[in-house]
Each structure stands twice: as structure tokens, then as C-alpha cells.
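Quick notes on the structure that follows.
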Amino acid sequence: MNKSLTDMQTLESTKNIKLGGSADNDSPNLPDFTTDAYKDAYSRINAIVIEGEQEAYDNYISIATLLPNDSEELTKLAKMELQHKRGFTACGKNLGVKADMPFAKEFFSKLHGNFQVALKDGNLTTCLLIQAILIEAFAISAYHVYIRVADPFAKKITQGVVNDEYLHLNYGEKWLKENLHTCKDELIAANKVNLPLIKKMLDQVAEDAATLSMDKEELMEEFMIAYQDALLEMGLDNREIARMAMAAIV
Ligand SMILES: [Fe+2]
Ligand SMILES: [Fe+2]
């Protein structure tokens, strides 16, 4: 009973966030978007988001080469990512901030490298885990938290984006679910290598995120919700999900 009540509350709060419930429009806790400290932190966070959307575009186009039958759908998902990139570029311009792209490239470099190796070796499961599960869950968590404290222009853009990211996560979930009997071992091994990177990326971004009023604990919670929901949706049991999630604790 309690569990389902909690689930319902979680669902309800997620729904409100996704729809951008009007209640938080007049939140008294919004940061001052005009300070140098805010803009300095935003130059890195905005760059990470822009680079993340570009990486996502590239990754879906690459995944399409391994899944030619899904090429049309994957190209559609990829194009959404470019739209997102444009939206977030506009958010930076709107605040008069220049995105620190070299910082963002470095931020993604390890995950980028692992994806490239998996792609070269034709390890589709690893590619899908990195992009369609880990990066999408990371984006969903960050965007949910950001929507609560964003400037009005960015808030509107981010609300549109986060709904698209669920479509991408669902794509990965669906493929991995259908192929779980053959891909589970690779999925677990790839998770063990790449989930700790996501945790490190969250740690690395925590200070700048805090300047934007984004709480680290909240980011981690939102990530774990999206990530564990995805694993559950794929058909993994509670013990397997707990084991996989433990890889974040290193
Ligand atoms: Fe995106
Ligand atoms: Fe996405």
C-alpha cells in the first residue's frame, strides 16, 4: 500500500514537472540570472548541455549504422537532438553567456571514447546503454531539476526538450527489452564501466549546478529514478537492478 502510494506521488510529481505545473512559476527561490557568478557557472553548464545534445545527435546517427532497419526512426531521434542543441544555444545567448565548449568536450571525453570503441567493435548493446539509457537518464534528471530554477525563456525550452528525451529513453528500453536474453551480459559489463563515469560527471558538475540552484542530491535522485525505471522496463528484476545501480558507488 505504502509503496504504491509513494509510486503514485512520484508519478504525480514527475507529471507536474513534465507539464511545468503553474504552481512553481512564482517560486520565490529562483536565483539571480544576472550575476557574474551565475553567468560563469552557466557558461559551463550550458556548454555541457549543448555538447551533450551534439553527442546525442552523433551517437544516434552512429547507432543507425549498426541497426539499418531502424535507420529512419534513429535519424528522427537524432534530428530532435539538433533541435535541442539549437534551443539551448538560444538559452545561453538570451542570458548573454558564451558557452565554454572546450570544457564540455573534456567533460564528455571518457564517455565519448567508450562509445567510439563500442561502435568500432559493433557492440550495439553498449552503444545503446551509453546513449539511450545513461545519457538520456542523465539529461532527463538534469532537465527536471533545471526546469524548477530556470529563467522563464530557458524553462519553456527545457520543458519541450525533456518530453523528447523520454522518447529516446523509451527507444533504448524497448530494444534492450526485446533482446535481453542475448544482451544481458554485455549490458551488465558495459554498465559497470560506464555508470561510474556518469556519477563522476555528476560530481564534477555539482558546484556549478549549485550556483544555478540545482541541488546535487536532487540530481542524483532524479537520475536514479529514470535509470532504475528504465532497467525495470527492460525486464530486469529487483536484485539485478540493485546490483547494476551499485556500480555507481565506487
Ligand atoms: Fe536531447
Ligand atoms: Fe535524447
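Name the single residue that is farthest from the chain's Cα centre (by Cα) among those in region 194-250 being outside any helix (DSSP H, G or I) and of a type outside the set (A, V, I, L, M). Top of the filtered list is Asp237. When the residues of region 89-110 are filtered to those that are outside any helix (DSSP H, G or I) and more than 16 Å from ligand 1 (Cβ to nearest atom), the one that is surrounded by the fewest Cβ atoms within 10 Å (Cβ to Cβ) is Gly96.
Starting from residues that are assigned to a helix (DSSP H, G or I) and out of contact with any helix residue (DSSP H, G or I) (no Cβ under 9 Å at 6 or more places or on another chain), keep the ones in region 29-62 and report whichever is nearest to ligand 1 (Cβ to nearest atom). Filtering region 29-62 for residues that are assigned to a helix (DSSP H, G or I) and out of contact with any helix residue (DSSP H, G or I) (no Cβ under 9 Å at 6 or more places or on another chain), the one nearest to ligand 1 (Cβ to nearest atom) comes out as Lys39. For region 135-142, the condition of being free of Cβ contacts under 8 Å to residues at least 60 places away in the same chain, under 14 Å from the mean Cα position of the chain (by Cα) and within 13 Å of ligand 1 (Cβ to nearest atom) holds for none of the residues. Scanning region 147-162 for residues that are of a type outside the set (S, T, N, Q) and either within 15 Å of ligand 2 (Cβ to nearest atom) or assigned to a helix (DSSP H, G or I) (or both) yields Ile147, Pro152, Phe153, Ala154, Lys155, Lys156, Ile157, Gly160, Val161, Val162.
Checking the structure you have, find out if any residue of region 111-125 is closer than 29 Å to Ala41 by Cβ, within 15 Å of ligand 2 (Cβ to nearest atom), modelled with pLDDT of 95 or more and part of a helix (DSSP H, G or I). Yes.
Can you tell me which residues in region 184-240 are more than 20 Å from Tyr171 (Cα to Cα) and among the hydroxyl-bearing types (Ser, Thr, Tyr)? Correct list: Thr211, Ser213. Among the residues of region 181-205, which ones are of a type outside the set (D, E, K, R), farther than 16 Å from Tyr227 by Cβ and surrounded by fewer than 16 Cβ atoms within 10 Å (Cβ to Cβ)? Correct list: His181, Thr182, Ala189, Gln204.
For region 111-143, filtering for residues that are surrounded by fewer than 18 Cβ atoms within 10 Å (Cβ to Cβ) and either closer than 19 Å to Leu232 by Cβ or hydrophobic (A, V, I, L, M, F, W, C) (or both) leaves 1.
The values are calculated or read from the model by the stated rules, or taken from the named source; none is laboratory data. Only a predicted model underlies this, so the values are computations on that prediction, with no experimental measurement involved. Don't worry about glycine lacking a Cβ; one is built from the backbone with ideal geometry, like all the others, and counts go over all protein chains shown.
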